[in-house]
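For reference, the structure discussed in these notes is given below.
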Amino acid sequence: QVQLLESGGGLVQAGGSLRLSCAASGRTFSSYAMGWFRQAPGKEREFVAGISWSGSITYYVDSVKGRFTISRDNAKNTVYLQMNSLKPEDTAVYYCNRESSIAALRTLSIDYWGQGTQVTVSS
């Protein structure tokens, strides 16, 4: 079972920035696409951004395009989410996860989730 540890969340004012990190256990990190997801209170979890195993392909939902950047360091088994120009509607618990492809990540057909990291954006 892979272990996923998200960190870097916090309280920030609208327009501010945060950088999330997700450290994954295991030797096969570089074989998987990685993604970031979020769940706001009372809402379903949603896919936010994904990155291919090599880092050469990225995908973002429209609501974060131009503001968020996903990246990965396979040597450190870590994926990042740089979040700029944050808005109150970005407030949520953010999770990372892995799948065979970005398309598979977008289906959210994943059974195991880590604890997530809380991001709160004040207006």
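The values are calculated or read from the model by the stated rules, or taken from the named source; none is laboratory data. What you are looking at is a predicted structure, and each value in this text was computed from that prediction instead of being measured. Don't worry about glycine lacking a Cβ; one is built from the backbone with ideal geometry, like all the others, and counts go over all protein chains shown. Ligands, DNA and RNA are stripped out before the accessible areas are found, and what is left, the full protein with its side chains, is counted by its heavy atoms. Shrake-Rupley method; radii C 1.70, N 1.55, O 1.52, S 1.80 Å.
List of remarks:
- Of the chymotrypsin sites (Phe, Trp or Tyr not before Pro) found in the stretch 89-123, those in coil by DSSP whose Cβ has at most 11 other Cβ atoms within 10 Å are TYR112.
- Per residue, the stretch 42-118 exposes an accessible area of 53 Å² to a 1.4 Å probe, with every protein chain left in place.
- For LYS87, residues with placed amide H under 5 Å, excluding near neighbours: GLY15
- Among the trypsin sites (Lys or Arg not before Pro) within the stretch 70-106, not one is in coil by DSSP while having at most 10 neighbouring Cβ atoms inside 10 Å.
- 12 Å beta-carbon shell around VAL12, net charge (K/R +1, D/E -1): +1
- Near the amide H of ARG72, within less than 5 Å, lie the amide hydrogens of TYR80, all on another chain or at least 5 residues away, with H placed in the peptide plane.
- Inter-label distance for ASN84 and SER30, nm, one decimal - labels placed 7 Å from Cα along Cα-to-Cβ: 2.9
- Expressed as a whole percent, the accessible surface of the chain that belongs to carbon and sulfur atoms is 47, based on a 1.4 Å probe.
- Couplings 3J(HN,Hα) for the stretch 70-76, derived from phi with the Karplus relation 6.51 cos²θ - 1.76 cosθ + 1.60 (θ = phi - 60°), are 9, 8, 8, 10, 5, 5, 9 Hz, where x marks Gly and Pro.
- Rounded to the nearest 20 debye, the dipole size of the chain about its Cα centre is 200 debye, using +1 on the Cβ of Lys and Arg and -1 on the Cβ of Asp and Glu.
- Karplus (6.51, -1.76, 1.60) ³J(HN,Hα), θ = phi - 60°, over the stretch 91-103, in Hz, Gly and Pro reported as x: 4, 4, 8, 9, 10, 10, 6, 10, 7, 6, 7, 5, 4
- Whole-Hz ³J(HN,Hα) from phi, Karplus 6.51 cos²θ - 1.76 cosθ + 1.60, for the stretch 48-54, glycine and proline x: 10, 7, x, 9, 5, 4, 8
- Alpha carbon centroid spacing (whole Å) that separates the stretch 95-115 from the stretch 41-66: 11
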